[in-house]
Every structure is written in structure tokens, then in C-alpha cells.
1. Across the stretch B:123-147, which residue is farthest from B:R80 (Cα to Cα) among those that are part of a strand (DSSP E or B) and of a type in the set (A, V, I, L, M)?
2. May I ask you to verify whether A:E176 is of a type outside the set (S, T, Y) and surrounded by 18 or more Cβ atoms within 10 Å (Cβ to Cβ)?
3. Take the residues in the stretch A:79-113 that are open to solvent by less than 30 Å² (accessible area, probe 1.4 Å) and touching a residue at least 60 places away in the same chain (Cβ under 8 Å); name whichever of them is farthest from B:V117 (Cα to Cα).
4. Suppose we filter B:F120, B:F77, B:F111, B:F145 for residues that are touching a Pro at 6+ places or on another chain (Cβ under 8 Å), without any contact (Cβ under 8 Å) to a residue 60 or more places away in the chain and either open to solvent by 30 Å² or more (accessible area, probe 1.4 Å) or more than 14 Å from chain A (Cβ to nearest Cβ) (or both); which single one remains?
5. Select from the stretch B:264-280 the residues that are more than 13 Å from B:V218 (Cα to Cα), open to solvent by 10 Å² or more (accessible area, probe 1.4 Å) and of a type outside the set (A, V, I, L, M, F, W, C) and list them in ascending order.
6. If I go through the stretch A:256-286 residue by residue, how many of them are facing chain B (nearest Cβ under 8 Å) and open to solvent by 60 Å² or more (accessible area, probe 1.4 Å)?
7. Return the residues of the stretch B:157-176 that are of a type in the set (F, W, Y), within 12 Å of chain A (Cβ to nearest Cβ) and either surrounded by fewer than 23 Cβ atoms within 10 Å (Cβ to Cβ) or not in a strand (DSSP E or B) (or both); say none if nothing qualifies.
8. Any idea which residue in the stretch A:58-80 is modelled with the highest pLDDT, counting only those that are assigned to a strand (DSSP E or B) and either touching a helix residue (DSSP H, G or I) at 6+ places or on another chain (Cβ under 8 Å) or closer than 17 Å to A:G130 by Cβ (or both)?
Amino acid sequence: MIVRTGLTGPAPRPEPLITATRDLDRGRTTPEALEELFERTEHEVVALERRLGFESITGGYLRWPDVFRPFAENWEGFAVGPLTRWLETNTFFRQPILLGPPVRPPGSFAARLPPTLLKEPAQGRILLPGPYTFASVLDNRSGETDEAIVHRLGRLLAEEVAELCGLGFRTFLFLEPWLVVRPPEGPRAEAVVAGYEPIRAALGGASSLVWTYGADGIPALPLLERLPVSAFGIDLAETDVERLPLARQRAGLGLGVVDPRTTLGEDMAEVAKVVRAAHERRRPPVVWLGPGAPLDLLPWEPATRKLHVLPAVSQALGDGGRS
Amino acid sequence: MRSPLFPTQEIGSLAKPRWQLMGQRTEPLDDAAKADFRAWDARTHFAEEMPAERAALLEGRPREVGPERVRDLGAMFAIRFLEDAGLDRVYDGEARRIEMYEYPIRQMRGFRFQGHVRSFDHKYYLKAAVVDELRLERPYHVEEFDFVRLHAKAVPKIPLTGPYTLADWSYNEYYLARQKGWKGRGARRAAQREFVVDLARRAIRPTIHALIERGCRVIQIDEPAAGTHPDEAELVVEGFNAATEGFDAEFSMHICYSNYRDLLPALLEAKQCRQWAWEFANRDTDGHDGYAVLQALAEYGDTREVGLGVVDVHRDSVESPEVVRARIARAVRYLGDPDRIWVNPDCGLRTRSLPVARAKLDAVVRGAALARADFSSPRR
């Protein structure tokens, strides 16, 4: 079994960084001191990712307030809207408001990436909102249909991918919880498949992962299998492996085996068992393991503690996770 | 018909005045804090029963008062603030509480705080995991209630965070670890059920018992997490029933910012719940009738009281009494019975400044009076 591991969303901020961001709000520290701490912490996250043998590094995306903000704040046509609950969690994002046709200023997203990633792009994993999730969460006041927005966001995200590939990035992970939370049907499902086509074209030979979470992945499997991506991931805290249809799947299979909704550590033998069962049912070319949902639902300490199950499972099942 | 028609109440928290925050830190009050203290005291006479503390704070001697007596004064301020607005049921604006999660959890054994989790932007909250058998150290909010009972002229209604919300806002280790095999959806659901019921029986229930022993008659169970997982509405109810069964008190359930239809009919099995205290005004905008959801209660034949949220606690713009009257009238149309309606803000007013909070409470009271006149007239 070929096993790869890595983060599937932003990491939590360690306590000193939380304190520093609060201190900045209260005028007790300077932006320069906070920036220095961000950089130091990103290096620590990268070092952790390397120690754990992850396939690619992220730096934790610690600066992003939420995954949509780099776009809502930088792409023309958008405004930053009200606080909105993120799925069934006690966390919130600011809803992007689409006021007119969105336009992507070149370089604006790259400027929001962790600086440490820009130094080693070939090792970096870029996090992006998937076009369907992005279109689903925004307040669409543009006058365009929701399907047209999915198409349009797919094209713009493809432009980002092309630009980032030009900088040397080789791995892109699209966060798409809405594909399982509210699976699209009919023309909207077709729009999702079409939305990923320009992304596929922009990728060249780079890898693309679509990561779903927050609900049972099985109802969305037929659509996920149609997406032109290297792999798609499902959240095993929500999806029963025994119910996965038997098939030989073309794309890689992502399995969310670390549950960020509990501080309880995963049992290595149990994880290995469930991964083996999923592999037997789907026969994917590659298994990607990671947190089932963004790790920042946990505080830093339990989050990093729980990640240690990934290399252990990778070691037990595969080739050490660095094939 | 009960008298008066459309009685009024608050829902929970108020912003803490600047002088209270400074006083708790034993900092001498600055000029703005002193002016604020004097202005509200002139209006509500909240410090009349604590003249020594008033003098010490205003004369720059906060250490003579000490944090605990400053909190007493803060509670007194909130009681008089709410009474002066004319509410029929009051509490202390949660003047002694930091928030609604951490304090109750700290009164229990079996939890371990894990660190901060982001709520949004740079805002975080401290989150605990249940890691061992859950035990209540001692019933909480009891001294707080004693103070309100001693000083309030209006009927006190205490808010208590409900078992479902305490469980939902915690990590579940102890109960999940007892589940065999892969910790998938079924295991998590079973573990959460055990957790909620234990919280209800071992922590909330003894606290309610102690409060009732002290003379508490009206208890609001806050379950803001109920709307987060609509498919767990039955668990919300199971926790509520386990906490309240057999007690002789008036219980209400406060839920906000949720699709209430998604929680029905499961919620209707909350046996001891006499009143639904829900938010409505926040969604009553732009031609959208925020009160239409009350039809669902009528459809299910539910005849309980409704604590009707008539002012939005997330906006500074103050609703007019006429808007409040119109909202009450719409609710009467949907429910078919004016006697079932209590009038209140959507939720706690802590995010609003005290002048705005007071203006909104004035609108609640004056709007209820207008509606009372409408429905008491012979044309009704």
C-alpha cells in the first residue's frame, strides 16, 4: 500500500502566538514582534511536519483568519461579510459577499502564503477553498446563478494554481466540506465537475486533492469519482468504512483518520485496521492520511500530540509515507 | 386572563460597567468610570444600599472594597438597571460570571482544560475535555442567587447553561474512550449521550436542587448549542429532562440563532419546559417574517408559553415601541393566544453598550405596554 500523510487544513496557533495576537490588539506588542513570532512558529510547524514524515509541508497557515479571507479581502468584487457559523462547530468565519464579477489581482494570494513555503515551494502544500464550497458559503449578490459562480470560481482558482505552479508548487489541497454536507445534484453537480476542469488544466503534473469532511462521504462518492483530481478525501469520523462500495478507484483515496473534534488520541492499531479495510474496499493507487477536518478545531498541544499516529500507521501499512 | 398581559423579562447577560472591571482589578476609577457610575446611580439608585463601597470607589480607594464587594455592587447595578427599565423578571446581568461555559466546568471534577480554540479572527475560548468520571464539587450560582433574591424587588429568573451545551462545547475523551473499536459516528453519538446525561444528573440537577432549596422558582436553561446539530435535538431534550424531572419550578429553554423547525417535534418532549425563550427579532428583517416560525408550534399543537425575542441584541439601532408592538401582534396571530406570550430581548445584551441595552429594554417594556392596551381593549 502506498501511504502518504499530511495536514488537511490550517493548524492551530500555539498558546504564545495566541497571547501575542491578543497583545497586539491591546497595544502591548508591536506588529514587527508579532511577525517575528509568526515566522518562528511557522518554522516550528514545518519542522514538526518534517519530523512526522509528511509528504508535503504547510507551515500551518497560521495567519489566515479563515480559509476564505485571502480571497474575500484581495479579489475584486468581494466584500468581507458577517460572522457565520462554520458547519456544525463553535467556530465562525466571515462570510464573503460577492457584489459583482470577481477579478483576481495577480500575486495577491501568493502574498498571503506563509513565507517559509515560498522558500521551498516544491515541498509545499497549498490550501485553497474548493470552488463548490466557496460558492456555497458566499452571499451571492452578483446577479449570477450559483452554477455560474462555481464555474467562475473554478476558473479563478485555476489561475491561482497556474501562478503558483509557476512559482514551483506541486501539491494543492482543495477544502470541499460542502460536497458532503450539502451534496450538489443535477446542474449544480455538473457545474462542480466543470469547475474543476480549468484547475486540472492548470495543474500540469502537480497533485490535486479534494478534501471533504463534516458529513458522511458515501452519498457524494459518485460525484467525487468524477472530479478530475489526483485524490479525494473523506472524513472517517463521519463515514463508515464498512459501507464504502467495493470498487477499484482511479483516484487516490484520502482518509481523515485523526479526529480534531476530540482530544482523545487515536489508537494506532484501530487506525491501521480501518485504513486497511478502506483500502481493500476501494483499491486506490495511493492512500492519503490526515486529519478528518481542519486541525484548528483543537488547541495546539492535543493537536500536535494526535498527529503522531500518522507516521506510526504509515510505517505499519506502507513504505514509511515517503513513496 | 393572567395579569398583566405580555409580562417582560430579560434573558441573561449585560455588559459589565467599566467601573466594575476597574474595581475588580483594584484600579482607581478614571474620570470616565466615575462619571458613568454617578450617572447610573443617579438614575437607578443602585448604590444606595452600599454607601461605603460607593464612597471608596468614587474616592479612589478600590482596595478598601475588594474584588468580591465590587462584584456585589456590579450585581446590584444590574438588578436595579433591569428593574428600573420596568421588567417583571430580572437577574443580575451575570455580573459575576466571566462567560457561560468555563465557570460551570470549573465547579466539576473530571475535566481538564486543553487550551484555547479559535472562535473567529483573533478571538479564542478556553476548551476543556472530560477525561474522568464527572463529579460536581459543589452546586454553583447559589451565592449569586442568594444575593439577587435578597435584593431584587422583581421576580428573579436565573439562567443556567444546559447539559447539552456544556457537553457540545467540551471535548469528549472519557466517554468516547469507553466505546469499543473505531470511534466513528455511532461511537461518538453514544459517547455524547452518556456525557450529556451525566452532566444533567451529576452537575445540573444538584445545582437546580440547591437553587430551589434557596427559594428559586424560575430557571432558564440555556442551550445555545442546540441548533448546531439539529439531528441531536432528542439529546438536548434528554439532557433537559434528566436535569429537571420532578422539580417544582418554572423552567424555560433558551435557544437562539437556530432553525427551530429543525428541532421540532423532538423539543416538544421537554416535559418540564413551560416556556420557549427564543430569538426572533434578529431574523425579522428585509421583508422576512422572523415570527412565522411560531406557526410550527401551532402545527404541532404545542401550547406552552413563548419568551418572544422582540429586540435584536446584535445591532445598535434601537427598535421603536411600535415595532415591538407589531411583533407581539404578529406572534399573537401565529400562536392564537396572547396569554402565552412573555416579551424579552432575543438573547443576553452583553454585546451592547449599557445605554443601548437600556434603550432596547425600554422599547421592550413600552412596546409590551402598547400591545397590552391593544389586546385589553374591547375591540380585541
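The values are calculated or read from the model by the stated rules, or taken from the named source; none is laboratory data. Predicted model only: the values in this text are computed from it and were never measured. All Cβ positions, glycine included, derive from the backbone under ideal geometry; neighbour counts span all protein chains shown. Remember, those area values only see protein heavy atoms, side chains included, never the ligands or the DNA or RNA. Shrake-Rupley method; radii C 1.70, N 1.55, O 1.52, S 1.80 Å.
1. Here is the first cut: in the stretch B:123-147, the residues part of a strand (DSSP E or B) are B:123-136.
Filter once more, so that each one left must be of a type in the set (A, V, I, L, M): B:126, B:128-131, B:134, B:136.
Numbers: B:L126: 32, B:A128: 35, B:A129: 38, B:V130: 38, B:V131: 41, B:L134: 37, B:L136: 32 Å.
Here the residue is B:V131.
2. Values: of a type outside the set (S, T, Y): yes; surrounded by 18 or more Cβ atoms within 10 Å (Cβ to Cβ): yes.
It is true that A:E176 is of a type outside the set (S, T, Y) and surrounded by 18 or more Cβ atoms within 10 Å (Cβ to Cβ).
3. Only one residue tops the list, namely A:T89.
4. On the way: B:F77 fails: without any contact (Cβ under 8 Å) to a residue 60 or more places away in the chain; B:F111 fails: touching a Pro at 6+ places or on another chain (Cβ under 8 Å); B:F145 fails: without any contact (Cβ under 8 Å) to a residue 60 or more places away in the chain.
Just a single option satisfies the conditions, and that option is B:F120.
5. Scanning the stretch B:264-280 gives B:P265, B:E269, B:K271.
6. So the first thing to find is which residues in the stretch A:256-286 are facing chain B (nearest Cβ under 8 Å), and the list is A:259, A:261-264, A:266, A:270, A:273-274.
Still in the running and open to solvent by 60 Å² or more (accessible area, probe 1.4 Å): A:261, A:273.
Going through the stretch A:256-286 one residue at a time, the tally reaches 2.
7. The initial filter retains those residues of the stretch B:157-176 that are of a type in the set (F, W, Y), namely B:164, B:169, B:171, B:174-175.
Narrowing the set further to residues that are within 12 Å of chain A (Cβ to nearest Cβ) leaves B:169, B:171, B:174-175.
Hits for the stretch B:157-176 are B:W169, B:Y174, B:Y175.
8. In the first step, residues of the stretch A:58-80 are kept if they are assigned to a strand (DSSP E or B); the result is A:76-80.
Next, from what is left, pick out any that are either touching a helix residue (DSSP H, G or I) at 6+ places or on another chain (Cβ under 8 Å) or closer than 17 Å to A:G130 by Cβ (or both): A:78-80.
Numbers: A:F78: 96, A:A79: 93, A:V80: 92.
Among those residues, the one meeting the criterion is A:F78.
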